[in-house]
1. When the stretch A:160-212 is examined, which residues are found to be more than 10 Å from every other protein chain (Cβ to nearest Cβ), surrounded by fewer than 16 Cβ atoms within 10 Å (Cβ to Cβ) and among the polar types (S, T, N, Q)?
2. Which numbered condition in (1) surrounded by 14 or more Cβ atoms within 10 Å (Cβ to Cβ); (2) more than 10 Å from every other protein chain (Cβ to nearest Cβ); (3) out of contact with any Phe, Trp or Tyr (no Cβ under 6 Å at 6 or more places or on another chain) is the only one that A:THR147 fails?
3. Considering only residues that are in contact (Cβ under 8 Å) with a residue 60 or more places away in the chain and either closer than 21 Å to A:TYR123 by Cα or in a strand (DSSP E or B) (or both), which ones fall in the stretch A:196-208?
4. Which of the following residues is assigned to a loop (DSSP other than H, G, I, E, B) and closer than 30 Å to A:LYS144 by Cβ: A:PHE53, A:PHE72?
5. Within the stretch B:2-35, take every residue that is among the small types (Gly, Ala, Ser) and at the interface with another protein chain (Cβ under 7 Å from one of its Cβ atoms) and give me the one that is surrounded by the fewest Cβ atoms within 10 Å (Cβ to Cβ).
6. Is it true that A:LEU142 is under 24 Å from the mean Cα position of the chain (by Cα) and more than 13 Å from chain B (Cβ to nearest Cβ)?
7. Could you list all residues from the stretch A:150-180 that are part of a helix (DSSP H, G or I) and among the polar types (S, T, N, Q)?
8. Look at A:ARG152 and say whether it is charged (D, E, K, R) and out of contact with any Lys or Arg (no Cβ under 8 Å at 6 or more places or on another chain).
Amino acid sequence: MDQATSANSQTATAASARISRHKALDRLYHWLMAICIFTLMATAFLPIIGIKFEWLDIHWMTGVALTVLVIFHIVRAIGWQDWRNMWIGFADLRDLWRNVAHLLGARKTPPLPGKYDAAQKLYHLGVAIVVLAVVGSGLLMLLKIDTPLWRRNPYLLSGDTWGIIYVVHGMGAMTIVAIVIIHLYFTLMPDSWYLLRAMIRGSISRKEYLQHHDTARWKA
Amino acid sequence: MELFRYSRSIYGGSNQLIGANWDLLPVFVGAAILFIILHALLSARAKRRQHGSP
């Protein structure tokens, strides 16, 4: 009995030693968004590089799914999450400068961030702008195809306007390819493995929290 | 390299903008790879310095 009590106590201590970073719903959102982005990239670019298949239906349906996910994320971020975690403030710009100074050798150690560092916040801002541009232009492009839900009406906009919409969609899509490559690089860096584990399990250890974060700026 | 793709109207007149030039895709991929190489080199150097190696 004493052993069991002791084991429970140890388990409780171990559990409290973990710091919650991402709730299950947010992790589900992240991985569903990843599936959508990879599906959209594959259906967009494989035919362009010569791998031909019926890509259009998969592409527009996944695009609609991504739109729903993005709307869900915006509503959740505003109503249920602390959006200030992603806000870029003066301290983040200062950290960004200090990070560059560290990389260039003018500073020995990088600054400790709050929950998200300055680069992650800038990355999020960039992704938000590009994904919103691609989703917005993609939704307009749905006017050009027949689906079970609506009939095509390509004459709603002029040819020049369609040209601009296609440019926004195409440039945005190619930017997303670059962004995804950079995201994978940072995810697979050994220093960031604890963040990848957090995006799977939801939490980080107290040791990782103390090692990588400024506890005054992220009060866990 | 052209940034955009154009088509000529069947009724004549000026070229019609129809989208981004897909030949730019390797440029975007190359820029990402260049960023990664640069960051990897600089962070490896910074880490050596941080841990006191020459």
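1. The answer is A:THR187, A:SER192, A:SER205, A:GLN211.
2. Single failed check for A:THR147: (1).
3. A:ALA198, A:MET199, A:ILE200, A:GLY202, A:SER203, A:ILE204, A:SER205, listed by residue number.
4. Working: A:PHE72 fails: assigned to a loop (DSSP other than H, G, I, E, B).
Residue meeting the stated conditions: A:PHE53.
5. B:ALA31
6. Spelling it out, it is not the case that A:LEU142 is under 24 Å from the mean Cα position of the chain (by Cα) and more than 13 Å from chain B (Cβ to nearest Cβ).
7. Within the stretch A:150-180, A:THR161, A:THR175 qualify.
8. For A:ARG152, the condition - charged (D, E, K, R) and out of contact with any Lys or Arg (no Cβ under 8 Å at 6 or more places or on another chain) - is not met.
The values are calculated or read from the model by the stated rules, or taken from the named source; none is laboratory data. None of the values given here were measured: they were computed from a predicted structure. Don't worry about glycine lacking a Cβ; one is built from the backbone with ideal geometry, like all the others, and counts go over all protein chains shown.
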